[in-house]
Structure formats: C-alpha cells, structure tokens
Amino acid sequence: MTQEERDDRRLAFLGRLAGGLAHEIRNPLSTIAMNLQLLQEDWADPETDRERRTVRKLEVLAKEVKRLESILGDFLRYAGRDKLEKLPTRLNDVVEEVLEFMGPKFAEGGVELRFFVGEQLPKILVDRDAVKQVLMNLVLNAIQAMPDGGELMVRTALDAAGAVVLEVTDTGEGIPEELLEKIWDVYYSRRKTGTGMGLPTARRIVEEHDGDMTVVSEHGKGTRFTIRIPVFAGLLDEGEEA
C-alpha cells in the first residue's frame, strides 16, 4: 500500500469517526435544550434580582445550545451522510418553490426579486431537497448582503455545453477579491453568527450532481453565484420544460 492510499484510508476513517461523533453529540444536546426550555418555563415570572439574573443566564445557555445545534446540523449536512435521491426534476419548479417560500424575507428586507425563467429546459437528474437547500443558502446570503435592501436576480437557462444553469445575483456589498477563495473554506464566515458551512456544503452538493459552482463579485457592487448541472442524455428526449 502506498503512502497516498494510507492517507486516503486515514482521512476516510476520520470522516466516518467525525460523522459518528456528531450523531452521538446530537442526542444529549437535544436533551440539554429540552431541559433548558423547561427551566425557562419554570422561571417565566422572576420576582427578585437573583431570579432575573438566573433567567438571563438561562437565556444565554439556551442561545448557545441553539448555536451548537446549528453548527452540528450544518456539519452533518456537509458530511453528506444521507444518500442523495436523484430523480428527473424541473429546475424551474424547484426555484419557484424556494422563491415563493422566501417571499416574506424579501419583503422584510426590502429586496426586489426578478426571476428570469429559462424556457424549454430539459429535466435534470437531481435530489430535489438538496437543490432547494443550495438555493436557499444562496438566497439567504444574498439577503444578508443587502442590509439596506436591493435587487435579487435569479436566472435559469441552458448553456451551449448542454448544462442547465442557475444564476443568483445580488446588488449587495460584494466580496473583496482577496476573500473570494476563502468563502469555500469550512468554518470560514464573514458574519459573527455564521457557521461557515453553508457555501462549502452547497458546492459539495452541486459537485455530487456532477456540476460546478462558481462566483464572481465586485466589492461594493454585488455578487453572482453560478451553478451548472449537466443534462443526462436519457432526459433530453422528454421535450418538457423544466
């Protein structure tokens, strides 16, 4: 066995170990969260200064446990322990579902949505929920990049290479050039409350669909994420719009 093969086996083992450890942590963490909630209910009407201090401490603990649960969930999604269920799918239907669901967020953030629908797109072989997760992440990032409102443009199309394309463009703050590569690093986040798992997970999901995900950005003007997923020959003859 070569050193490279030994390193690959070691990394695979560590991946399985980390994934199993994360699952083992999830159960007691859920128990802690549940008991904190019960304690908060017991102390719902503090009367003394000491009781009010206790309530504040419980609130801090509950917030941190919620953050840990979020980090753990993001890690498990990144680890991809769930097998993808790829089925012939109309991309436009998936995009419309996500954008409709995010409607209140757009209104709340003063974001104007423009959806450019690609016509006569062939179906693609994807896991519908996984693709929704990818788009949801990109849309949320775009909204957060426009704290004072702005424009979000979503476009679907078929490119010359025979891949279905999904573009998500915002008019937000943009990403400095020196940070563009870092956004794909696990645990790197430009937001204090971010876990740094969203974009790495999104790109991993796209790559597991034999696609690719790229980004272009101009600081102070906006960012565009582009996803390309190839169309399988067996789906080209269906003649149905995606």
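Brief remarks follow.
- Against the conditions (1) at pLDDT 95 or above; (2) within 20 Å of residue 147 (Cα to Cα), residue 107 satisfies every one except (1).
- Matching residues, region 129-174, being under 18 Å from the mean Cα position of the chain (by Cα), under 15 Å from residue 206 (Cβ atoms) and small (Gly, Ala, Ser): 130
- Looking across 59, 100, 96, one residue alone is modelled with pLDDT of 90 or more and in contact with a strand residue (DSSP E or B) (Cβ under 9 Å, 6 or more places away or on another chain). It is 96.
- Count of region 201-229 residues which are surrounded by fewer than 16 Cβ atoms within 10 Å (Cβ to Cβ), farther than 18 Å from residue 175 by Cβ and in contact (Cβ under 8 Å) with a residue 12 or more places away in the chain: 3
- In region 108-128, the residues that are closer than 18 Å to residue 97 by Cβ and surrounded by fewer than 12 Cβ atoms within 10 Å (Cβ to Cβ): 114, 116
- For region 192-218, the candidate set comprises residues that are out of contact with any helix residue (DSSP H, G or I) (no Cβ under 7 Å at 6 or more places or on another chain) and at pLDDT below 85; within that set, the residue that is nearest to residue 63 (Cα to Cα) is 193.
For (1) surrounded by fewer than 19 Cβ atoms within 10 Å (Cβ to Cβ); (2) in contact with a Leu (Cβ under 8 Å, 6 or more places away or on another chain); (3) under 20 Å from residue 227 (Cα atoms), each residue gets a yes or a no:
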residue: 99; (1), (2), (3): yes, yes, yes
residue: 130; (1), (2), (3): no, yes, yes
residue: 141; (1), (2), (3): no, yes, yes
residue: 152; (1), (2), (3): no, yes, yes
residue: 165; (1), (2), (3): yes, yes, yes
residue: 179; (1), (2), (3): yes, no, yes
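- Residue count, region 79-91 (criterion: at pLDDT below 70 and either closer than 28 Å to residue 36 by Cα or open to solvent by less than 50 Å² (accessible area, probe 1.4 Å) (or both)): 2
- Residue under evaluation residue 158, criteria (1) open to solvent by less than 20 Å² (accessible area, probe 1.4 Å); (2) at negative phi, criterion not met: (1)
- Any pair with Cβ under 8 angstrom, 6 or more apart, that starts in region 130-149 at a residue that is closer than 18 Å to residue 189 by Cα and in contact (Cβ under 8 Å) with a residue 40 or more places away in the chain and ends at one that is among the aromatic types (Phe, Trp, Tyr) and buried (at least 20 other Cβ atoms within 10 Å of the Cβ): 138/225
The values are calculated or read from the model by the stated rules, or taken from the named source; none is laboratory data. Everything numeric here is computed off the predicted structure, so don't read it as measured data. Cβ: placed from backbone, ideal geometry, glycine included. Neighbour counts: every protein chain shown. Just the protein is used for accessible areas: all its heavy atoms, side chains included, with ligands, DNA and RNA removed. Shrake-Rupley method; radii C 1.70, N 1.55, O 1.52, S 1.80 Å.
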